[in-house]
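Colleague: If you scroll down you'll find the structure; I have some questions about it.
The values are calculated or read from the model by the stated rules, or taken from the named source; none is laboratory data. A quick note: this is a predicted structure, and the numbers were derived from the prediction, not measured. Cβ sites come from the backbone with ideal geometry, for glycine too, and all protein chains shown count toward neighbours. All accessible areas refer to the heavy atoms of the entire protein, side chains included, with ligands and DNA or RNA removed. Shrake-Rupley method; radii C 1.70, N 1.55, O 1.52, S 1.80 Å.
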Amino acid sequence: MKYDFDKRVDRTGKASYKWDQTEKLFGKADILPLWVADMDFEPPKEVAEAIIARAEQRVYGYTFRTQGYYDAIMGWLSRRHGWTIEQEWLSSSPGVVPALSIMVQALTEPGDSIILQSPVYYPFYDVIKMNDRTIVENPLILQDGHYTMDFELLEQQAHAGARMMLLCSPHNPGGRVWKREELERVGEISLKYNMLVVVDEIHHDLVFKEHKHIPYASLSDELAKLSITCIAPSKTFNLAGLQAAAVIIPDEQLRRKYNTLLKTLSIHMESFFGLTAMESSYTHGDEWLEQLLEYLEGNRDALIAFINEHLPQIKVIKPEGSYLAWLDCTQISTNPQELKRIMFEQAGVAFSEGSVFGKQGAGYLRVNFACPRSLMLQALKQFADAVNAK
């Protein structure tokens, strides 16, 4: 490989949310953190060099989206996902979660029902509840080792008046890469009941070779106009701290409402370094991403093999995409506090405890395997030793 993903990068002492808050968050400093979804890998060198060159300008004033920025995003989506979008569809946000919150505020009313599919990325709950909307849970069904959608219940909920659905595609934490026919069924329900579908596609580039990500809005012009898609280079290229995301809104009226609230909140100006990182990564990141995916697939398979051998009481929900493994630990405990005790006090590791993703996640853990393989295996060994010592 041209890129060395086995290299351990020391992130301590650098105000790392993942590495420098272990004592505050987990009660002890000596913790291996495989929880929050950023990677322990350096980004493509072209991206780092572009950021350094930007810093060397030494004047960090207001900036704007250049034609190169637009071309990079449109080229990436066309090249990597076969999706041709119009430049005018593009808006921005400091991140995908802020974009979700803005859409909830701008496009629904207090008290409106909004569907999510639990267990799901926990900020989905926050952007609904903290904006005084009503959470409508459409729980995923765990069947034959992977999640499927409950379309019958989804249609009932849309029929009952749900105004919006937050769709996580690929799914976090379940690792599903939704098939075309699954997305089309969501689309049929959306059109039938005029329900807006807001799609978080932040993990869209991180899909393993036996699967294919389908951009929801690429399915048809009708669905594009009744949907909004959020993407960012933050997960793909490990750029979360640079605060830059793209929001794709084909419908002019929806786009106007979103952009108006964005400006009302005065967060319509762009990140000086974020724009540079986004343009560079989407222009130069293909080779690096291909090698990353190969390495991540190796980590995924190594994680599954380790757990099958050393922790057979745990079932791994094999991820089809993302760098997050969802572990069914219910044979160990369904008590979140007990799983935390084993992780933090006995094993000295931090995975994400599953109940934060919804009540269906109690007894589950989410492991971030986007790190050097030796570090991942070290954390898994410490966890296995603690579990098997019980």
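Colleague: Which FRET efficiency, nearest 0.05, do residue 264 and residue 346 yield, Cβ-Cβ r, R0 35 Å?
Modeller: Working: r = 49 Å, r/R0 = 1.40.
Using R0 = 35 Å, I get an efficiency of 0.10.
Colleague: Okay, next question. Say the cut-off is 24 Å between C-alpha atoms; which of 2/235; 212/235; 14/381; 14/315 go over it? Could you put the intermediate results ahead of the total?
Modeller: Details: 2/235 20 Å; 212/235 17 Å; 14/381 27 Å; 14/315 35 Å.
In this structure, 14/381; 14/315 exceed 24 Å between Cα atoms.
Colleague: Take the solvent-accessible surface of the protein heavy atoms, probe 1.4 Å, and return the percent of it on the stretch 193-321 that carbon and sulfur atoms account for.
Modeller: Numbers: 2390 of 4880 Å².
Heavy-atom surface of the stretch 193-321 belonging to carbon and sulfur, 1.4 Å probe: 49 percent.
Colleague: Let me ask you something else. At a threshold of 8 angstrom on Cα-Cα distance, excluding pairs fewer than six apart, so keeping six or more, what relative contact order does the stretch 63-193 reach in percent?
Modeller: Values: 139 pairs, mean separation 26.3, N = 131.
About 20 percent, as a whole number.
Colleague: What distance in nm lies between label points placed 7 Å from Cα along the C-beta direction at residue 87 and residue 15?
Modeller: The two pseudo-label positions are separated by 3.5 nm.
Colleague: Are there any chymotrypsin sites (Phe, Trp or Tyr not before Pro) in the stretch 55-114 that are in a DSSP loop and have at most 14 other Cβ atoms within 10 Å? List them by number. All intermediate terms of the calculation are to be shown ahead of the outcome.
Modeller: Details: sites: 60, 62, 64, 69, 70, 76, 83, 89; in loops: 60, 62, 64, 83.
Taking the stretch 55-114 and a limit of 14 other Cβ atoms within 10 Å, the loop chymotrypsin sites (Phe, Trp or Tyr not before Pro) found are 60, 62, 64.
Colleague: Rg(Cα) of the chain divided by 2.2 N^0.38 Å?
Modeller: On the way: Rg = 20.6 Å, N = 390, 2.2 N^0.38 = 21.2 Å.
Compactness ratio reported: 0.97.
Colleague: So, R0 is 35 Å and r is the distance between the beta-carbons of residue 211 and residue 56; what FRET efficiency does that work out to, to 0.05? It would help to have the intermediate numbers written out before the result.
Modeller: Details: r = 41 Å, r/R0 = 1.16.
FRET efficiency, residue 211 to residue 56: 0.30.
Colleague: On the accessible surface of the stretch 1-122, probed at 1.4 Å, how many percent belong to carbon and sulfur atoms?
Modeller: Numbers: 3120 of 6200 Å².
Carbon-and-sulfur percentage of accessible area, whole number: 50.
Colleague: May I ask for the net charge around residue 148, where only other residues with Cβ less than 13 Å from the Cβ of residue 148 are counted and Lys, Arg are +1 while Asp, Glu are -1? Can you show the working numbers first?
Modeller: Details: positive: 176, 179, 185; negative: 144, 150, 152, 181, 182, 320.
Summing Lys/Arg as +1 and Asp/Glu as -1 gives -3.
Colleague: What nm distance separates the two modelled labels at residue 194 and residue 36, each placed 7 Å from Cα along Cα→Cβ?
Modeller: Result for the modelled spin labels: 4.2 nm.
Colleague: With a cap of 16 neighbouring Cβ atoms within 10 Å, and only residues DSSP puts in a loop, list the GluC sites (Glu not before Pro) found in the stretch 1-96.
Modeller: Numbers: sites: 23, 46, 49, 56, 86, 88; in loops: 56, 86.
Passing sites in the stretch 1-96 are 56, 86.
Colleague: What Rg and what Dmax come out for the stretch 254-390 when only alpha-carbon atoms are used, in angstroms?
Modeller: 19.5, 58
Colleague: Right, here's the next one. Give a quick list of GluC sites (Glu not before Pro) in the stretch 166-222 that DSSP marks as loop, anything other than H, G, I, E or B, with at most 14 other Cβ atoms within 10 Å.
Modeller: Working: sites: 181, 182, 184, 188, 201, 210, 222; in loops: 201, 210.
Of the GluC sites (Glu not before Pro), the ones in loops of the stretch 166-222 whose Cβ has at most 14 other Cβ atoms within 10 Å are 210.
Colleague: Skip the ligands, DNA and RNA, and give the accessible area per residue of the chain with a 1.4 Å probe, whole Å². Can you show the working numbers first?
Modeller: Working: 16440 Å² over 390 residues.
Per-residue accessible area for the chain comes out at 42 Å².
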